[in-house]
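Trainee: Can you keep this structure in mind? I'll have questions shortly.
Any read-out appearing in this document is the output of simple, stated calculations on the displayed coordinates, not a laboratory observation. All values derive from a computational prediction rather than experimental measurement. Here the Cβ is made from the backbone with ideal geometry for all residues, glycine too, and neighbour counts use every protein chain on show.
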Amino acid sequence: MHISEGVLAAPVLVAGGAVALAGTSLGLKRIEFDTIPQVAVLSASFFVASLIHVPLGPSSVHLLLNGLVGLLLGWAAFPAILVALLLQAVLFQFGGLTSLGVNTCVMAIPAVAAYAIFASPARSKTPWISFLASFLCGASAVFLGAILVALALVSTGEEFLSAAKLIVLAHLPVMAIEGMVTAICIRFLKKVKPEILGAVP
């Protein structure tokens, strides 16, 4: 769901950059020295997952893992995702530098929202509650991200309405996959390293 250079209108780019800057500032304040490795690993995981594209009709989709990143990092998801998207833009020309702020918001806002809603039930000691919350966390983060991309495109011009609808529809299958991946990862982490779920406030 990378938005390329030259697509969005200037007001949308400025607004996205401002929100990304604010979110990143808040996220950096939440990162403590001993949690830097965790943030770095999740940023790298987000970077790698987004590189694997699967063709789907006229478009392509890929894993996002923003729900998982948000669930484990909270507000620290903003700087983690920003760094990953910056490297993708510089190294592989995915997205762009001018649209970096909007692309960061598209991924990080759903991550933080998923954290706020699902972090507590995902840590539940009741297995089915934890699994369901983790699944919904991953799925809803993808859906909200697709909605934000659609809104960014439509805010630029009505000619992007068809593309916006296609983006949302193309990511519906990804929602189910993301949900399962997130639920499985959280279930595994609760068994081998449960303290990681509360490492970053």
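Trainee: Applying the Karplus parametrisation 6.51 cos²θ - 1.76 cosθ + 1.60 with θ = phi - 60° to the phi angles of the range 66-76, what ³J(HN,Hα) value in whole Hz is obtained for each residue in order, glycine and proline being reported as x?
Mentor: 5, x, 5, 4, x, 4, 8, 10, x, 5, 5
Trainee: Further question on the same structure: What does the highest-first list of 111-117, 11-17 look like by mean Cβ count within 10 Å?
Mentor: Top to bottom by mean Cβ count within 10 Å: 111-117, 11-17.
Trainee: Additional query: Over the chain, how many pairs of lysines fall under 30 Å by alpha carbon, counting only those 8 or more apart in sequence or from different chains?
Mentor: 7
Trainee: GNM, the chain, Cα, under 10 Å: largest mean-square fluctuation among 90, 149, 39?
Mentor: Per the Cα network of the chain with a 10 Å cutoff, 90 tops the list.
Trainee: Further, regarding this structure: Going by average Cβ neighbours within 10 Å, how do the peptides 128-140, 97-109, 64-76 rank, with the highest at the top?
Mentor: Answer by packing, highest mean first, reads 64-76, 97-109, 128-140.
Trainee: Only one of the values (i) 17.1, 61; (ii) 16.1, 49; (iii) 16.2, 47 was calculated from this structure for Rg and Dmax of the Cα atoms in Å; name its label.
Mentor: (ii)
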